[in-house]
């Protein structure tokens, strides 16, 4: 039979590991939610640099019904005419639901994005860009930590909702 102090020490160790995992997970969730708040501000401010700053270097964009694109710089090019031709207002219809998976997480949410077109702008939008006055979609993203340990959007995808 083990001595009482050893059992107590073992329980204490497991308790500390359990609580540190919970706080680590809570910190990660807060960082991921902050990432999305920054992303919303970037979209509404037409700030390409801030938007791209939230992307993983190897990001994949997968809009519905069209070929996607890969890489942060390709995403930056995609955003040029998107932000040049309109400004956007985002309503969070269903808040972000985060499923943690170690150094990655799946984030699901619903947004309605209102697009206010600049009538003086004449740029063609790239395939996959939102074109309607208002679009409601269900988003499923994968976020992952980059080399610095910061949470970044690795896969951005959505489907239109009715």
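The values are calculated or read from the model by the stated rules, or taken from the named source; none is laboratory data. Note that the coordinates shown come from a computational prediction; the quantities given were computed from them, not determined experimentally. Ideal geometry is used to build each Cβ from the backbone, glycine not excepted, and the neighbour counts take in all protein chains shown.
Consider residue 157 carefully, then state whether it is surrounded by 12 or more Cβ atoms within 10 Å (Cβ to Cβ), touching a residue at least 12 places away in the same chain (Cβ under 8 Å) and under 16 Å from residue 40 (Cα atoms). Criteria met by residue 157. Is it the case, given these coordinates, that residue 103 is under 18 Å from residue 52 (Cβ atoms), in contact (Cβ under 8 Å) with a residue 12 or more places away in the chain and within 15 Å of the chain's Cα centre (by Cα)? Considered against the rule, which asks whether it is under 18 Å from residue 52 (Cβ atoms), in contact (Cβ under 8 Å) with a residue 12 or more places away in the chain and within 15 Å of the chain's Cα centre (by Cα), residue 103 comes out as no.
Within the bounds of region 8-26, is there any residue that is loosely packed, with under 11 Cβ neighbours inside 10 Å, modelled with pLDDT of 95 or more and not in a strand (DSSP E or B)? Looking for residues that are loosely packed, with under 11 Cβ neighbours inside 10 Å, modelled with pLDDT of 95 or more and not in a strand (DSSP E or B), one finds none in region 8-26, hence no. Annotation note: of 126, 95, the sole residue that is touching a residue at least 24 places away in the same chain (Cβ under 8 Å) and either loosely packed, with under 15 Cβ neighbours inside 10 Å or outside any strand (DSSP E or B) (or both) is 126.
Anything in region 106-133 that is under 19 Å from residue 93 (Cα atoms), modelled with pLDDT under 95 and within 20 Å of the chain's Cα centre (by Cα)? List them, or say none. Correct list: 115, 130. Exactly one residue out of 67, 63 is within 15 Å of residue 156 (Cα to Cα), modelled with pLDDT under 95 and buried (at least 18 other Cβ atoms within 10 Å of the Cβ), and it is 63. If the condition is being in a helix (DSSP H, G or I) and surrounded by 13 or more Cβ atoms within 10 Å (Cβ to Cβ), then region 41-51 contributes 41, 42, 43, 44, 48, 50, 51. Scanning region 147-157 for residues that are in contact with a strand residue (DSSP E or B) (Cβ under 9 Å, 6 or more places away or on another chain) and at pLDDT below 95 yields one hit, 147.
The residues on offer are 54, 38, and the sole one that is surrounded by fewer than 18 Cβ atoms within 10 Å (Cβ to Cβ), modelled with pLDDT of 95 or more and either under 18 Å from residue 131 (Cα atoms) or within 13 Å of the chain's Cα centre (by Cα) (or both) is 38. Identify all residues within region 70-87 that are assigned to a strand (DSSP E or B) and buried (at least 18 other Cβ atoms within 10 Å of the Cβ); write none if there are none. The one that is assigned to a strand (DSSP E or B) and buried (at least 18 other Cβ atoms within 10 Å of the Cβ): 86.
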